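Chemist: Here it is: the structure, laid out below.
The values are calculated or read from the model by the stated rules, or taken from the named source; none is laboratory data. All values reported here derive from a predicted model rather than from experimental measurement. Note that we place each Cβ from the backbone using ideal geometry, even for glycine, and neighbour counts take in every protein chain shown.
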Amino acid sequence: MEVRTRFAPSPTGFMHLGNLRTALYTYLYARRMGGKFILRIEDTDQEREVPGAVDVIYKSLKTAGISHDEGPDVGGPCGPYIQSQRKDMYLPYAKKLVETGHAYYCFCTKERLDEARAEAEKKGETFKYDKHCLHLPKEEVQRRLDAGESWVIRQNIPTTGKAGFDDVIYGHVEVDCDTLDDNVLIKADGLPTYNFANVIDDHTMGITHVMRGNEYLPSAPKYNLLYEAFGWTPPTYIHLTPVMVEGTYRNKKTGEYLMATDEAGNPVLDENGQPVKAIVKRKLSKSQGDPTYEDLLAEGYLNEAIVNYMALLGWSPRGENEFFTLKELEQVFDLEGLSKSPSFFDKAKLTWFNAEYIRKLTPEQYLEAAAPWLAKALDPAKFDFKRLAELLQARTEVFSQLPEMVDFLAKMPEFDNELYTHKKMKTNPEIAKTALEMVRPVLAGIPEADWSETTLHDAVMAAVAESGMKNGQVLWPLRIAISGKANTPGGAFEIAYLLGREETMRRLDQSLGKL
Ligand code: GLU
């Protein structure tokens with residue numbers, strides 16, 4: 001049997017990292033099995049439409065390299081692939097269930113339901129629909145339908161017995177039917193709920209493996225009852241364990257952060273006496289401030305690094321190797337490697353991955369990726385980006401760091417003369433003054449046309465040797481004097497070259513004047 005998997009996102013306007021991972025695993029499994037990967041847009045349960053949100057899904061999948069075989073934009077034999085465009089398909093199925101007694105029309109008003117809900121809340125119980133309309137005589141149902149009363153169709157869950165299903169990760173999952181609510185299958189507007197649509201769609205699209213977040217685990221027994229009611233074979237279920245993070249927690253309603261307390265319940269204070277936010281283990285969440293896939297790309301993480309990292313967040317390869325291209329993952333991904341426990345998103349680990357990927361870029365690839373970031377701080381007409389890229393590649397972890405790493409070239413930072421003090425280099429402001437006075441005429445003697453790293457190096461090193469000073473005693477102060485920073489990409493010669501003769505001399509004189 002051909003494996004058919006699907007990714008079924010709701011158009012929210014961004015790609016949650018957990019969703020990206022689901023898409024990735026679903027895609028990889030289809031590829032590994034030589035099957036088909038289907039994209040379905042689930043837009044019927046949306047409170048409100050987010051403009052452009054579907055395009056975000058296409059764009060994110062495309063960027064990640066996850067290509068679908070069937071979907072709204074590429075077509076296929078089971079279309080349409082957008083739920084709202086399938087809206088007329090669901091009611092006939094629901095009516096079939098009504099006929100067989102597995103579902104029923106419900107005419108209960110919002111007021112009645114609100115009252116019942118409030119009642120349950122008062123008693124501290126979770127609300128469960130009381131099957132009021134299940135017991136309406138058939139003739140009354142027909143009369144009310146004919147009269148044009150507003151209705152929904154509810155699933156008729158048995159009141160006794162158990163409902164269960166088998167899951168690849170969670171094993172056999174079983175619940176008592178009397179804990180399940182008679183969920184709405186078709187809403188008053190005639191549209192299906194997610195609970196109903198996903199079952200009809202998965203069946204009619206021939207989906208063999210349903211992979212999704214474990215938040216659907218509690219509902220899956222109900223879906224299985226629907227499969228049984230229709231006499232359909234359910235798909236293989238793979239509910240993925242969640243992607244967690246250790247981070248701060250903010251109450252969505254009040255906007256207040258959870259604050260850290262010690263064992264006695266007192267606030268934990270930082271060195272300034274300010275209360276500290278608590279760090280908790282929770283699900284990765286955009287509303288808590290965690291990054292989405294788009295955020296990471298915008299921050300200068302490489303797509304390949306994100307995909308590789310996300311693939312490992314909940315799935316383990318057989319060997320020691322941690323580095324995989326998407327193509328390689330398509331060869332090795334398996335269900336056996338899926339984690340049975342939650343995984344933790346660790347931005348530091350992702351950053352490490354990213355740095356590794358950056359190092360593996362060819363100089364040309366690096367320059368191409370780095371140039372827009374360098375241009376945020378430097379005028380490309382004034383600076384040699386190619387040389388700068390060579391100096392930066394090994395020390396770049398994330399591209400967004402670049403503007404800050406190079407902006408000293410555009411504008412000389414203010415600095416304290418104490419920066420000249422360096423124990424290992426055996427230098428201090430006083431020695432720096434001597435060194436800079438010694439080296440100034442050497443630099444001034446190099447004509448503009450010869451201003452290169454080699455010339456600078458040879459001229460300065462010769463002068464250092466002659467002066468009897470140590471290399472570090474001259475090179476450290478020179479670098480500080482023209483960069484204003486202790487940490488720079490490249491040393492004194494590279495910086496002098498990048499700045500050019502005029503700016504180097506200007507900075508040198510200015511710094512000397514302050515010594
Ligand atoms: N539309 C659901 C979501 O975005 C997908 C659930 C499923 O895969 O069945 O969470």
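Chemist: So Leu136 ticks every box in (1) under 25 Å from Glu215 (Cα atoms); (2) at pLDDT 95 or above but one. Which box is left unticked?
Modeler: Only one criterion in (1) under 25 Å from Glu215 (Cα atoms); (2) at pLDDT 95 or above is unmet by Leu136, namely (1).
Chemist: Check region 237-254 and report whether any residue there is under 30 Å from Thr160 (Cβ atoms), surrounded by 17 or more Cβ atoms within 10 Å (Cβ to Cβ) and away from the ligand (no atom under 16 Å from the Cβ).
Modeler: Checking region 237-254: not a single residue is under 30 Å from Thr160 (Cβ atoms), surrounded by 17 or more Cβ atoms within 10 Å (Cβ to Cβ) and away from the ligand (no atom under 16 Å from the Cβ).
Chemist: Would you please name the residue that is surrounded by the fewest Cβ atoms within 10 Å (Cβ to Cβ), looking only at residues in region 187-218 that are in a strand (DSSP E or B) and more than 9 Å from the ligand (Cβ to nearest atom)? Before the answer, list the steps.
Modeler: At the first step, the residues of region 187-218 found to be in a strand (DSSP E or B) are 192, 209-213.
In the following step, the residues that additionally are more than 9 Å from the ligand (Cβ to nearest atom) were identified as 192, 209.
Details: Pro192: 26, His209: 20.
Of everything passing the filter in region 187-218, His209 is surrounded by the fewest Cβ atoms within 10 Å (Cβ to Cβ).
Chemist: On to the next question. Taking helices (runs of 4 or more DSSP H) that fall entirely within region 1-120, which contain at least 3 residues that are more than 16 Å from the ligand (Cβ to nearest atom) and in contact with a Lys or Arg (Cβ under 8 Å, 6 or more places away or on another chain)?
Modeler: Values: elements: 17-32, 53-64, 87-100.
Helices (runs of 4 or more DSSP H) meeting the threshold: none at all.
Chemist: Given the structure, is Asp176 surrounded by fewer than 17 Cβ atoms within 10 Å (Cβ to Cβ) and away from the ligand (no atom under 16 Å from the Cβ)? Give the steps one after another, and end with the answer.
Modeler: Working: surrounded by fewer than 17 Cβ atoms within 10 Å (Cβ to Cβ): yes; away from the ligand (no atom under 16 Å from the Cβ): yes.
Against the criterion (surrounded by fewer than 17 Cβ atoms within 10 Å (Cβ to Cβ) and away from the ligand (no atom under 16 Å from the Cβ)), Asp176 qualifies.
Chemist: Hey, another quick one. Does Arg40 satisfy the condition of being in contact with a Ser or Thr (Cβ under 9 Å, 6 or more places away or on another chain), closer than 28 Å to Val168 by Cα and of a type in the set (D, E, K, R)?
Modeler: Details: in contact with a Ser or Thr (Cβ under 9 Å, 6 or more places away or on another chain): no; closer than 28 Å to Val168 by Cα: yes; of a type in the set (D, E, K, R): yes.
No.
Chemist: If I filter region 330-378 down to residues being of a type in the set (Ser, Thr, Tyr) and in contact (Cβ under 8 Å) with a residue 12 or more places away in the chain, which single residue comes out as farthest from Leu284 (Cα to Cα)?
Modeler: Of all residues in region 330-378, those of a type in the set (Ser, Thr, Tyr) come to 339, 341, 343, 351, 357, 362, 366.
Okay, now just the ones that are also in contact (Cβ under 8 Å) with a residue 12 or more places away in the chain, so 339, 341, 343, 351, 357, 366.
Working: Ser339: 17, Ser341: 15, Ser343: 10, Thr351: 17, Tyr357: 24, Tyr366: 30 Å.
This residue is Tyr366.
Chemist: Another one. Please work out if Met438 is modelled with pLDDT of 95 or more and over 47 Å from the mean Cα position of the chain (by Cα).
Modeler: Working: modelled with pLDDT of 95 or more: yes; over 47 Å from the mean Cα position of the chain (by Cα): yes.
So Met438 fits the description; yes.
Chemist: Right, here's the next one. If I go through region 490-515 residue by residue, how many of them are without any contact (Cβ under 8 Å) to a residue 40 or more places away in the chain and surrounded by 15 or more Cβ atoms within 10 Å (Cβ to Cβ)?
Modeler: 3
Residue-by-condition table, conditions (1) farther than 18 Å from Asp295 by Cα; (2) of a type in the set (A, V, I, L, M, F, W, C):
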site: Met1; (1), (2): yes, yes
site: Ser10; (1), (2): yes, no
site: Leu17; (1), (2): no, yes
site: Tyr25; (1), (2): yes, no
site: Met33; (1), (2): yes, yes
site: Glu49; (1), (2): yes, no
site: Thr63; (1), (2): no, no
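Chemist: Just for region 289-306: of the residues that are surrounded by fewer than 18 Cβ atoms within 10 Å (Cβ to Cβ) and among the small types (Gly, Ala, Ser), which one is nearest to Val56 (Cα to Cα)?
Modeler: In this case the residue turns out to be Ala298.
Chemist: When region 411-435 is examined, which residues are found to be farther than 16 Å from Leu508 by Cα, without any contact (Cβ under 8 Å) to a residue 24 or more places away in the chain and either under 37 Å from the mean Cα position of the chain (by Cα) or not in a helix (DSSP H, G or I) (or both)? Outline the logic, then answer.
Modeler: Going residue by residue through region 411-435, those that are farther than 16 Å from Leu508 by Cα are 418, 421-428.
Adding the requirement that they be without any contact (Cβ under 8 Å) to a residue 24 or more places away in the chain leaves 418, 421, 423, 428.
Thr421, Lys423, Asn428 - these are the residues of region 411-435 that are farther than 16 Å from Leu508 by Cα, without any contact (Cβ under 8 Å) to a residue 24 or more places away in the chain and either under 37 Å from the mean Cα position of the chain (by Cα) or not in a helix (DSSP H, G or I) (or both).
Chemist: Please go through region 460-489 and pick out each residue that is crowded, with 19+ Cβ neighbours inside 10 Å and not in a helix (DSSP H, G or I). Before you say what the answer is, go through the steps one by one.
Modeler: So the first thing to find is which residues in region 460-489 are crowded, with 19+ Cβ neighbours inside 10 Å, and the list is 460, 464, 469, 473-484, 488-489.
Across region 460-489, the qualifying residues are Met469, Gly484, Thr488, Pro489.
Chemist: Here is a further query. Checking the conditions here, which among Asp166, Asp182 is closer than 29 Å to Thr109 by Cβ, at pLDDT 95 or above, among the acidic types (Asp, Glu) and more than 16 Å from the ligand (Cβ to nearest atom)? Full working, then the answer.
Modeler: Values: Asp166 fails: closer than 29 Å to Thr109 by Cβ.
Going through Asp166, Asp182 in turn, the sole match is Asp182.
Chemist: Could you list, in sequence order, all residues of region 138-151 that are over 14 Å from Val98 (Cβ atoms) and either in a loop (DSSP other than H, G, I, E, B) or in contact with a Gly (Cβ under 7 Å, 6 or more places away or on another chain) (or both)?
Modeler: Matches in region 138-151: Ala147, Gly148, Glu149, Ser150.
Chemist: Counting only residues that are assigned to a loop (DSSP other than H, G, I, E, B) and within 29 Å of the chain's Cα centre (by Cα), which one in region 372-410 is surrounded by the fewest Cβ atoms within 10 Å (Cβ to Cβ)? Give the derivation first.
Modeler: If we filter region 372-410 for residues that are assigned to a loop (DSSP other than H, G, I, E, B), which is where we start, we get 375-384, 396-398.
Then drop every residue that is not within 29 Å of the chain's Cα centre (by Cα), which leaves 375-377, 396-398.
Working: Ala375: 14, Lys376: 12, Ala377: 17, Thr396: 23, Glu397: 18, Val398: 19.
Going through the qualifying residues, I end up with Lys376.
Chemist: Can we say Pro413 is within 25 Å of Ala375 (Cβ to Cβ) and surrounded by fewer than 22 Cβ atoms within 10 Å (Cβ to Cβ)?
Modeler: Numbers: within 25 Å of Ala375 (Cβ to Cβ): yes; surrounded by fewer than 22 Cβ atoms within 10 Å (Cβ to Cβ): yes.
Yes, satisfied.
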